[in-house]
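Here's the structure, in structure tokens; my notes come after.
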Amino acid sequence: MRNDKENLIVNLSISFALEIIEYCELLESKRKFVLANQLLKSGTSIGANVHEAQNAESKADFIHKIKIAAKESDETDYWLTLCSLSPSYPNPVGLDVKVLSIINVLSKIISSSKNNPS
């Protein structure tokens, strides 16, 4: 059953997805469609998987969904790195730090979920 109390990773992933949408709109306005599309998919998928994990059927299902969110975070970090390093792309200011923060939180969730017997 869903727990609707304050949740750090849910809030981080939603806030991040909104910033990714805004950055991807900027990329599209500069006709950088391929990376905008890739980044939009992976960057918003993090929150979708975190959200889905909130209704997991079991602990194993929860860990699996959070691991998918972590993989999407890593992919998003890759696309943001390409945007940062490409001189013809607008700098994704601060998004790299935010995705690393999300990666760290997801890693801690995975680790503590695996180590907690309940």
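All of the numbers you see were taken from the coordinates with simple rules; none came from a lab. Only a predicted model underlies this, so the values are computations on that prediction, with no experimental measurement involved. No Cβ is skipped: glycine too gets one built from the backbone with ideal geometry, and neighbour counts run over all protein chains shown.
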> Near K32, which lysines are there with a Cα under 23 Å away, not counting those fewer than 8 places off in the same chain?
Replying inline: K41, K98
>> Once R0 is set to 30 Å, what does the formula 1/(1 + (r/R0)^6) return for the Cβ-Cβ distance between E57 and L100, expressed as a FRET efficiency to the nearest 0.05?
In response: 0.50
>> Which order do the peptides 48-58, 71-81, 88-98 come out in when sorted by mean C-beta neighbours inside 10 angstrom, highest first?
In response: 71-81, 48-58, 88-98
> Using the Cα gyration tensor of the range 1-44, with a ≥ b ≥ c the square roots of its eigenvalues, what is the shape: rounded (a/c below 1.5), prolate (a/b larger than b/c) or oblate (neither)?
Replying inline: prolate
> Which cross-chain or sequence-distant (5 or more) residues have an amide H under 5 Å from the amide H of N7, H modelled 1.01 Å from N in plane?
Replying inline: none
> Which FRET efficiency value, to the nearest 0.05, is calculated for L8 and T81 with the Förster distance at 30 angstrom and r the Cβ-Cβ distance?
Replying inline: 0.75
> What aspartates and glutamates sit close enough to K5 to cross-link, taking a C-alpha to C-alpha distance under 19 Å and skipping anything fewer than 8 places away on the same chain?
Replying inline: E52, E57
>> Suppose every Lys and Arg Cβ carries +1 and every Asp and Glu Cβ carries -1, with no other charges. What dipole size does the chain come out with about its Cα centre, to the nearest 20 debye?
In response: 200
> Which of the lysines could be linked to K114 by a straight reach, that is with a Cα gap under 18 Å, when you skip same-chain ones fewer than 8 residues away?
Replying inline: K59, K65, K67, K71
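Return the calculated 222 nm mean residue ellipticity for the chain, to the nearest 500 deg cm²/dmol, obtained by summing -39500 (n - 2.57) across DSSP H runs with n ≥ 4 and dividing by the residue count.
Working: 4 runs with 91 residues, N = 118.
Roughly -27000 deg cm²/dmol at 222 nm, from the helical runs in the chain.
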> Mind listing the phi-derived Karplus ³J(HN,Hα) values for the range 109-114, rounded to whole Hz, using 6.51, -1.76 and 1.60 with θ = phi - 60°, and x for any glycine or proline?
Replying inline: 4, 4, 4, 5, 5, 5
> Where Lys and Arg each count +1 and Asp and Glu each count -1, what net charge lies around A60 among other residues with Cβ under 13 Å from its Cβ?
Replying inline: +2
> Which value in nm describes the separation of the simple spin-label points at K41 and K71, placed 7 Å from the Cα toward the beta carbon?
Replying inline: 1.3
> Within a Cβ distance under 11 Å of S88, other residues only, what is the Lys/Arg minus Asp/Glu net charge?
Replying inline: +3
